[in-house]
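In what follows, a single structure is set out as structure tokens and then discussed.
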Amino acid sequence: MTTFSRGHLLLALAACALAVPAMAADDTVKIGVVAAESGSFVSAGHTLPAGVSLAVKEINDAGGVKVGDKTYKIELVRRDDRTDIGTAVAATQELVRDVGVKAIFGSESHDFTLAMAKITQPAKILHFAGNSTLDTILTDAAVAPGGDAHYLFQSEPREFQRSGSTARGVLSLLQPLVDHPIKKSVIIAGNDATGQFLSSYYIKALKAEGQEVPDIIFYPPDTTDFSPILTRAKSLNPDVVHFWYNGDATLTALPQALELAVAPSYFLFGVDPGIWKERGLSADVPVAMSCVPVCWGESSNAKAKAYFDAYFAAGAPKGVTSSVSLLYYDYVHMLAEAWTKAGSFDPDKVVDALLVLHHQGVVSDDLSFNAHHQVTHATEVCVADPEGKISCAMQQPPADAPM
């Protein structure tokens, strides 16, 4: 019998270890999601990890992503920001410094994303967020190599485009159902950073469509009794009341508005017609709805049904704003294509690859980023008539911002 010294044994074990194939972690690339999976904005927050998860599953099931001479599986690391900006920042720091992700998706809250970018950009982490507020920081200097936002990408259209397509679509669908010309629009919006920013663009979009728009009526976050606000809106004699932007708050306010007969028509931003049907909602006046960007409950987009069938089959809940997932799903596929095209995970090479890609996605057959790291695509708007019939149309965005 051969006797091994402790030193011989350690050498033998080391030799065996070298003969073992590389650990699975060597064949894995990590990406992160930071989103409100709890807290006051959960209705939109849960859609981010659901959409990204579906894209990751599709890529992995197809064999993974080829980068150079090697193929990798994607590992998704999720973090709940609890609708709290401090938590979002801490989660981002963890993903960047401890987990070692190559990209981050989120958050759905505008001010959260700006705070997160203070961490992702110096670390050269690809960052994708469906926040139209990014238009204010994605300047020529910021997106240039070495700029403060070189690795940051806006995965929804610029706000003047989204607001413009929404306003035009809403008015064009409501007008045939209202027995007089629609001339006055009243906006009721949540009084937070997002509501203030988005509504400032929407009021310009409505005015560009010839609407008289009084000052926006803001309501405090977490409002449940909208009667004082609705009474004020009714006193303005509106042709349309536009509820902007929180879908959950909107669905609390609408029944109260109908009871008070505030207006002859309404618009619910970010409320999918699928929720309208599933909850058995009805109104004796026409009610328009919009999706961000494509509807799951009723759609004129040919690819939407297949996408949402897979999305819900994977366990995602049918929510007010489930369509927000599409501000992230397509971009995971684009990122994987960019890695392959670059042949590297080098962030600068990946940025260059992203800027020349043209992706056939769900939201667009030709999805691409412009020089400011932004996309352009249509918005879907629907209307439920008093008989309950729902019809939808994709509305293209305006080319230029209103004056």
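The values are calculated or read from the model by the stated rules, or taken from the named source; none is laboratory data. Because the structure is predicted, anything quoted here is derived from the model rather than measured. Glycine also receives a Cβ, built like all others from the backbone with ideal geometry; neighbour counts cover every protein chain displayed.
Selection over segment 144-170 of residues that are surrounded by 24 or more Cβ atoms within 10 Å (Cβ to Cβ), out of contact with any helix residue (DSSP H, G or I) (no Cβ under 8 Å at 6 or more places or on another chain) and of a type in the set (A, V, I, L, M, F, W, C) gives a count of 1. Look at segment 222-234: where a residue is in contact (Cβ under 8 Å) with a residue 60 or more places away in the chain and a partner is part of a loop (DSSP other than H, G, I, E, B), sitting 6+ places away or on another chain with Cβ atoms under 7 Å, you get Asp222/Ser40. Entry remark, segment 322-343: residues being surrounded by fewer than 21 Cβ atoms within 10 Å (Cβ to Cβ) and at negative phi number 5 in total. Note on segment 187-209: among residues that are within 21 Å of the chain's Cα centre (by Cα) and part of a strand (DSSP E or B), the one that is surrounded by the most Cβ atoms within 10 Å (Cβ to Cβ) is Ala189. On the stretch given as segment 367-403, residues that are within 19 Å of the chain's Cα centre (by Cα), over 21 Å from Arg168 (Cβ atoms) and either among the small types (Gly, Ala, Ser) or at pLDDT below 95 (or both) total 1.
Scanning segment 58-115 for residues that are farther than 25 Å from Thr136 by Cβ and aliphatic (A, V, I, L, M) yields Ile59, Ala62, Val65, Val67, Ile74, Leu76, Val77, Val99, Val101.
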